[in-house]
Structures are given as C-alpha cells and as structure tokens.
Amino acid sequence: MTDIPRESRRRHPQGDARLEIYDGEFIRQLESIAKKVRRHSIRMIYQAGSGHPGGSLSGADIMVALYFHVMKHDPKRPDWQDRDRFVLSKGHAAPALYAVLAESGYFPVEELDTLRKMGSRLQGHPCLGKTPGVEMSTGSLGHGLAAGNGMALAAKLDRRLHRVYVLLGDGEMDVGETWEAAMLASHYKLDNVTAYVDRNKLQLDGPTEKIMSLEPLADKWKAFGWHVIEINGHNMKEIIHATNEAKGVKGRPTVVICHTIKGKGVSYMEGSLHFHGKAPSDEEYEQAMKELGD
Amino acid sequence: MPVTWKWESQRKQYGKALVELGKERGDIVVMDADLSSSTRTSDFLAAFPERFFNVGIAEQNMMDTAAGLAASGKTVFVSTFAVFGTGRCYDQIRQSIAYPKLNVKIVASHAGITVGGDGASHQIIEDIALMRVLPNMTVIVPVDSLETYNAVKAVSKTPGPVYVRIGRADVPTLTDKNTPFELNSATVMRDGADVTLIGCGIMVARCLEAAEELAKHGVDARVVNLHTIKPLDEKTIVKAARETGGVVTAEEHSVMMGMGSAVAMCLVENFHVPMKRVGIPDTFGESGGCEELMTKYGLTAENIVEAAHDVLRRKK
C-alpha cells in the first residue's frame, strides 16, 4: 500500500497548479513509489522469463503520478462510476501498470509474481474483467485512445465530471487509428481526455525516426486540434503540472508529449533497443535490483 | 416467388427498433461511419442527436470508441456496411469488443452478394465466417424485416457482443407477430419428414419455394430458419437430421466457413446424414442485378431442389 497521505491525493483546485505547492517531501514520496514500481516490473519480467522492460520503465513515472496523485479512484471500489479512467494503450507496459495497481491496493502485491503464468489474473497484456483496476483490454497497438474517447463520451452523456487518461507509446503514432481517434476527440471537444505520449524515441525495430519518422510530432497533434504540452516524462513535478494545466483547458483535449528514456532507471537498459521485449538474465537482474535499490 | 409475400426493407425495421429502444432506455447509444442514411441509423439520429455519434469513414475508430462507451455502461449499436464493419476493423472487434465481452451490437447492412451493382468490393460473403470464429460473439442473420426488429429488441436485452447481418434489398416477410423469436433457438417454418432444408436470411424464402417444388414430386421437406448461427441450436439441427435423414443448407455467403459449415460440423460430431451446402462457391462476386447474381452464383430455389435430390439419392 501507498505511504502517500490520503489528503494530498485530492485534486487541487484549478488555478492552484503552481509547482511550488508540491513540496520536496511529497515529490520524493512519489519518486520512491516509482522506484518500487520499477523494481516490481523488472522482477515480474525476470520471473516470467518474458515481457517488455524498456517501455515499462519509461512510462512508470507517468503512471505513478496519475495513480498516486492525479486520479480520483478507489481501489476498494474498482467499479465506482465517478472514478477517473486510465487506459494503457501501450499494453506491453503491463508490468508497470500491474505494479501501480497493486501498490495502490487493487490486489495483493504478492500477486505480481504470477505475471504471465497459467491461471494468473495478470495476463501478458492488460485484460478488462480479469484484473481489478484494468479499464480496457489492450496490447494490439493503436486502440487505446479511441477506447478512452468512448469513455469520455459516456462521461459527457452522463454529465459526470470524471476524466480519462490514456498513455500511448510513441510507436503507436505509426498507427492510423491513433489519428482517427485524435480527430474524434477534437471533433467532439473531449476536454475530459488527457493523452500522454511516452516519447522514448525507440520502437521494436529501431529509433522511431528511422523506422517511421514522427517529427514534428507536437505540430501534428496541434494540427489535429489538441492542446499540446511537452515535458520531461521522468519529472514528477512536470507531469503533475502538465496534468493540472490540461484540466483547465476547455473545449479541446490535451496531449502531453513526455520525453522519456527507454529502460529508465537501469543503466544498461537505458536507451537500449535490446530490452524492448526481453527479460534480463540472472546477472542482469541482480545488477538491475542493485541499481533500483533504496 | 409467391405473390402473397409482402416485401420490406430490414433496414427500415432496424431504424424503427432503434428509435423505440432510444425512447425506452437512456443507455442506448448509436454510432455510424458515414453511412447512416443507408443503414437507417439516421432515424435514431433524428430522434436522439445527443446519443448518436458519427465517426466519419473510420470503422476501426468506431469499434474502439464503441468499446469505451460500452465499458462505461452504454449499450452501443454500431452500424455500417457489413464489408466495412467486419473485415476492415477485425482487430478492433477482436481485441476491444469480443475479448473483454463488451456490450456492443454490430448491426451491419448490405451484406452478401445482393448488394448488386456495387460489385465484389462491397459484396461481403465471408462475414459470418469472420464473426462466428470469435469467442464470445453471437451471430444472427434475421430472415426478414420483422425478425430484424425482433432480433434488435432481443439483443438489446442480452449483454455481450453481437453481430447482426442484414441486407440491402427488400426481403419477403415470412414471419408475423405470432412467430416466436428466441435467441439461440431455430424456427421450424414448415414441417416435413423426408429431408431438411436449413436456411438463413434471404435463403429461407428460397428454401420454402424449394419445399413447394419438392412437394410436387412427393418429397416432404422440413424448412428451418437458422437465424442464430452462433450459438448454434444443435438440438433442432440434430433432431431434424435424425427425423428426416438428410440436410441441405442454404446461405447467401461463401460455402467455405459460413452457416452450412457450422451445421456440417455439428452433424459430423453428432449425427451423420447425407448433406449438401448451397452457397456461394469459393470466389468473389461481381456487379449485376440481384436475381442475376443469385442465379449465377447458385442461390436459387432450383439449386436447393437439386441439392435435396442429391441428398435423397445418397440417403438410400
């Protein structure tokens, strides 16, 4: 369970989003959870013998900021209608999501070790209905933003105030449907949608700019009618600040392009293609645990 | 065809059912991909504009958005032409609707070869195959406009993913207010003891015509309307095979993996009888008139009669 005081998880009123309000201690607590999530992720993948460490580590800070500060949610009531929704469009980062959910209290932390094993609730990629807290089945890339839009449309129809957060991989920017969804969110003025692009600049086969160039990425989103913010995706203050800014944007959705490092937190995984979808060896695992120690 | 049959559009009844559902229930949401005036979801749009979402020509986006709406408690009807609402967005249906068992009803029109002039690009003859192989998916092919109405009403009350296949052309009305419509339960349209003709969609009318023709030759044919292809009403199929000793299936779909194949698999595993599948051979269609195409691709009452005689010969 988290050690963040309940009080500080509350949404901050609009206009009170200056970075100064987040004192050093609070940010350090979030960073410490993020480190724990990274440890869990690497351990889970190591024990499963397969999985995607690189993208789990690059997106970990964003997910921690969302679940431990930004989002309105209640692990004891995963079906609470007014909860904020999180969709992990880059479903291969499931280990980090599961770690965040377990640390939030959706299921026991011990269950994390069952990842990818027979009979486990923790499938290789997120499965709606199987794992408490998972909002959409993902894994086949390019689906998550559209699914999040559906949730946001439902919220608008029901006049509910909850928000939808979607974490996309930058490789997913190759998928046509991502842009169909970008158009839809803008067309239907879904200001209750905030998308985060985990811009680690690497996809399975190589650097994104070599495989299928995405730049100028921010201009593309702007052209689709989105409010665009660019941040360092490993800086908790910046993630929180961008998210608060998004809450204040009316009439259009916001995308936060998060500049990240694939494999962030484990020296030999950082910026490495090799660990996109491969479990660490025994020695590599030992070293990773040492580096991610408290 | 008998002149007494009243011909009506399935799409018209679909539109009517949607509007009624919209009045009865606030959770009904409808989506379309720039074909609402053809699929008749435009009727719902006119009545409940706030609950209708046009996504433009973006079927993949439509399916995933529908999944998100359904995950938030909505009952979502999505419509477009069958060729675009199945193959074009298969991954979205598989990953986001069928796998998480979400409450999305895909009601796809303009299925099959009777699309006519548009040609093979628009004549989907493999949608039943694509949809029935998906776990959690229910597959329904209503026989006429009234059954389309009944099917839409019935599936709206049944949680989970559903595919409903309807056509472009007007079809003869074979059912009436008293015809029961139960999901998962085939309807016996005519009793008979010598051979069973199992049809779905527009081919049921041709099975009835074939039965009339066979009667002239002293053959007493049973006709079954297999409106629900998945889950399959194995009980009615096996009973018919047992009691009549031979089965002919007829569908406006490729014979490869459609309704006839589902029936064949059921009979191979449960009760062996001579069988013949009437349907479109393993080939694409082409532009033409409905009847011309039905004749060229082997979908006439005569084709069914011929198949029945073949089965009867093998019975002996």
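Assorted remarks:
- Relative contact order (%) - the stretch A:195-294, alpha-carbon pairs under 8 angstrom, separation at least six: 32 percent
- Relative contact order (%) - chain B, alpha-carbon pairs under 8 angstrom, separation at least six: 17 percent
- Only lysines eight or more places from residue B:296 in sequence, or on another chain, were considered; those with a Cα closer than 27 Å are B:6, B:216, B:276.
- Partner aspartates and glutamates for residue B:23 [C-alpha distance under 18 Å; skip if fewer than 8 residues away on the same chain]: A:158, B:43, B:50
- Antiparallel %, DSSP beta bridges [both residues in the stretch A:22-291], to 5: 10 percent
- Cα Rg over Rh - the stretch B:7-172, Kirkwood: 0.92
- 5 angstrom amide H check on residue B:75, placed H, neighbours 5+ away: B:28, B:29
- Considering only beta bridges that DSSP places wholly inside chain B, some 15 percent are antiparallel.
- Two tests apply to each whole DSSP H helix in chain B, Cα reach of 27 Å or more along its axis and mean Kyte-Doolittle hydropathy of at least 1.6, and none passes both.
- As a length-normalised measure over Cα pairs under 8 Å and 6 or more apart, the relative contact order of chain A settles at 23 percent.
- Remark: the stretch B:175-219 projects, on average over all directions, an area of 3.6 nm² (convex hull of Cα atoms).
- The ratio of the alpha-carbon radius of gyration of chain B to the globular-protein estimate 2.2 N^0.38 Å is 0.96.
- Global size of the protein assembly as shown as Cα Rg and Dmax, reported in angstrom: 27.5, 93
Only the coordinates and a few stated rules stand behind these numbers; no lab work does. Remember, it's a predicted structure, so these values are computed and weren't measured experimentally.
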